[in-house]
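Here's the structure we're looking at; comments come further down.
The values are calculated or read from the model by the stated rules, or taken from the named source; none is laboratory data. Bear in mind that the values here come from a model prediction, so they are computed numbers and not experimental data. Backbone-built Cβ (ideal geometry, glycine too); neighbour counts: all protein chains shown. Each accessible area value is taken on the protein alone, full model and side chains, heavy atoms only, with ligands, DNA and RNA left out. Shrake-Rupley method; radii C 1.70, N 1.55, O 1.52, S 1.80 Å.
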Amino acid sequence: MPEIHDYLIIGSGAGGAMAAHQLVVQGKRVLLLEKGSELPDDGSTLDATLVAGGHFNSKEVWNNARGASFMPEEHFNLGGKTRWYGAALLRNDPAEFRADPALGLCAWPFDYAEFEPYYREAEQLIGVHTFAIEADLQRLAVDLGKHGWQTQPLQLGLSPEIVEHLNEATHFDGYALPKGLKSDAKFRLLDPLKASENLTLVMNATVRDLLPSGENPTEVVGVRCTDGREYFARHILVAAGAMHSPRLLQRYFLSTGLSEHLPAAQIAGRNFKRHILTAVIGFGWRIKRDVLCKTRLFLHSDFPHSSSQPLGGWADRETIRFLLPGWLPKWLVEFFALRAYGFFLQTEDGSHADNRVIGESGDGSLPTLDYHAERRPELAREHRAMVFSFMSAMLSAGLVPFKQTIGLSGMAHCGGTLMTGNDPATSVVDAQGKVHGMQNIYVVDGSVLPRLGRMNPALSIYAWALRVTQGLLANR
Ligand SMILES: Cc1cc2nc3c(=O)[nH]c(=O)nc-3n(C[C@H](O)[C@H](O)[C@H](O)COP(=O)(O)OP(=O)(O)OC[C@H]3O[C@@H](n4cnc5c(N)ncnc54)[C@H](O)[C@@H]3O)c2cc1C
């Protein structure tokens, strides 16, 4: 007889790790399957050449809407994308839980007040701190403030001791830290469970198929991996990330015939959204001295769906090289790198049913991301206006700004492909995280996000996973 676990979780990123943590500390037996393995702790994840060269990125090839192949910047490793994230752990505003149909913004199935306790608990579990503003940013904030750009402290998932470790303090954003000075899902949620007999962690396990109960396909009894291994559990929690979780469900709905009857099957993979992102680098004369740099968030009342934040460590030489023409001599790149102030500008994206992930069909075809920003042009307009405003303010502050739009492969902030909502005709999972019409399958990753809001999404994903698992525990 195969072992039957209480809970089986697919994926160990923000959502999967938080769900595993909650269930294990409450005494449940959990099997966590992760496609990737553990990242090396030999310092190579801080090597700018390896990181910027994509050494640690997924090599999975996709098609875009025009049939051209591309490689989304995904990370298949223990801890998922949180190992690489910039640790800005921010709540969405209460207004961002409500719908705005004119902009294609969908409502959460509950309001902010109901979600707030989970935000609070997630912040405590992950460990968020604010840091004092440093001198260069302080000077810049005063100048940008004259153009309506207001700042507020930025909550970071970093240990306060990080400031004593210069290499980590200047490389936490976009790099994986080997010493645990960044609060990522591996260090904060999974490592503390290492001694627990309740957690079975299997890495290099790529789930391919969900397995139906013989009598009734609305019950999933287990999973099969690409190498044929099978695992069984009473509850299945999907947390493979917004690009991958919908593919697992689509394949299941098709193979079991549920795609014919289940309204949720028609929605799975749709409403893909991603932050509209632009990197802006401003070059000044003064050599910068700030270390963390990413200590304040910039907001402007004219751009209510947008925010701007400094790049952690401002921007390293590799980023500068990427932005400047390749023929520039090394000494000039170095000259600019010492004087470069980097920012990440982001605007919320609306939902459109035709923007969607389409799983591979099994005949060797590639997965497809059918996404056209033009299907939702409204917020792209706000983004262009805010980039212009921010760059103009930088220019007035004495910095010469350059911008780089982040293309489709920039998957840092994506979601919505298994959206949560009360209506099975327009959403895939209910307010408790259960797939509409299914008995025992839940989604606990960024796929569920009905809105991205103007802030980075990881804290909302952690909080959602907490809410779903606590609901499951309360009902048993
Ligand atoms: C460079 C970078 C910077 C970022 N900065 C920030 C930031 O500052 N603040 C913020 O809030 N967010 C940030 N993000 C985004 C944040 O990391 C993600 O939103 C978050 O990690 C998504 O969580 P998730 O659980 O949905 O998916 P992931 O974290 O991607 O986890 C999914 C996991 O599932 C695994 N998996 C996939 N398919 C399978 C399968 N078939 N079988 C088994 N396992 C599978 C993957 O290997 C992965 O480990 C950043 C991301 C990047 C890349």
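The table for this structure:
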read-out	value
Qualifying position, being in contact with a strand residue (DSSP E or B) (Cβ under 9 Å, 6 or more places away or on another chain) and open to solvent by 10 Å² or more (accessible area, probe 1.4 Å), among Asp363, Asp370	Asp370
Residue identified as within 19 Å of the chain's Cα centre (by Cα) and of a type in the set (D, E, K, R) among Glu96, Glu114	Glu96
Pairs where the first residue, in segment 334-356, is without any contact (Cβ under 8 Å) to a residue 24 or more places away in the chain and the second is open to solvent by 10 Å² or more (accessible area, probe 1.4 Å), C-beta under 6 Å, 6+ apart	Ala337/Arg317
All positions within segment 425-476 that are open to solvent by less than 10 Å² (accessible area, probe 1.4 Å) and at positive phi	Gly433, Gly453
Ala122 being over 25 Å from Ala205 (Cα atoms) and surrounded by 17 or more Cβ atoms within 10 Å (Cβ to Cβ)	yes
Those residues of segment 55-103 which are part of a loop (DSSP other than H, G, I, E, B) and hydroxyl-bearing (Ser, Thr, Tyr), in sequence order	Ser58, Tyr85
Residue pairs meeting the criteria (Cβ under 6 Å; at least 6 apart or on separate chains; first closer than 15 Å to Lys194 by Cα, in segment 13-35; second in a loop (DSSP other than H, G, I, E, B) and more than 11 Å from the ligand (Cβ to nearest atom))	Val24/Ser196; Val24/Asn198; Arg29/Asn198
Tally of residues being over 26 Å from the mean Cα position of the chain (by Cα) and either within 16 Å of Ala315 (Cβ to Cβ) or open to solvent by 30 Å² or more (accessible area, probe 1.4 Å) (or both) across segment 392-424	8
Some residue of segment 104-111 being charged (D, E, K, R) and in contact (Cβ under 8 Å) with a residue 12 or more places away in the chain	yes
Flag for Ser308 being under 25 Å from Asp423 (Cβ atoms) and either in a loop (DSSP other than H, G, I, E, B) or out of contact with any Gly (no Cβ under 8 Å at 6 or more places or on another chain) (or both)	no
Filter pass, Arg339 being in contact with a strand residue (DSSP E or B) (Cβ under 7 Å, 6 or more places away or on another chain) and farther than 30 Å from Met419 by Cα	yes
Filter result for Thr49 (open to solvent by 10 Å² or more (accessible area, probe 1.4 Å), part of a helix (DSSP H, G or I) and either under 27 Å from Gly313 (Cβ atoms) or more than 7 Å from the ligand (Cβ to nearest atom) (or both))	yes
Cβ pairs under 6 Å, 6+ apart, first in segment 195-212 and within 15 Å of Arg224 (Cβ to Cβ) and assigned to a strand (DSSP E or B), second more than 10 Å from the ligand (Cβ to nearest atom) and open to solvent by less than 50 Å² (accessible area, probe 1.4 Å)	Leu210/Val220; Leu210/Tyr252; Leu211/Val221; Leu211/Gly222; Pro212/Thr256
Positions within segment 132-167 being more than 24 Å from Met18 (Cα to Cα) and surrounded by 20 or more Cβ atoms within 10 Å (Cβ to Cβ), in sequence order	Leu137, Leu140, Leu144, Trp149, Thr151
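Residue-wise test of (1) surrounded by fewer than 16 Cβ atoms within 10 Å (Cβ to Cβ); (2) among the polar types (S, T, N, Q); (3) away from the ligand (no atom under 14 Å from the Cβ).
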residue: Tyr7; (1), (2), (3): no, no, yes
residue: Leu31; (1), (2), (3): no, no, no
residue: Leu39; (1), (2), (3): no, no, no
residue: Gly54; (1), (2), (3): yes, no, no
residue: Arg66; (1), (2), (3): yes, no, yes
residue: Ser69; (1), (2), (3): yes, yes, yes
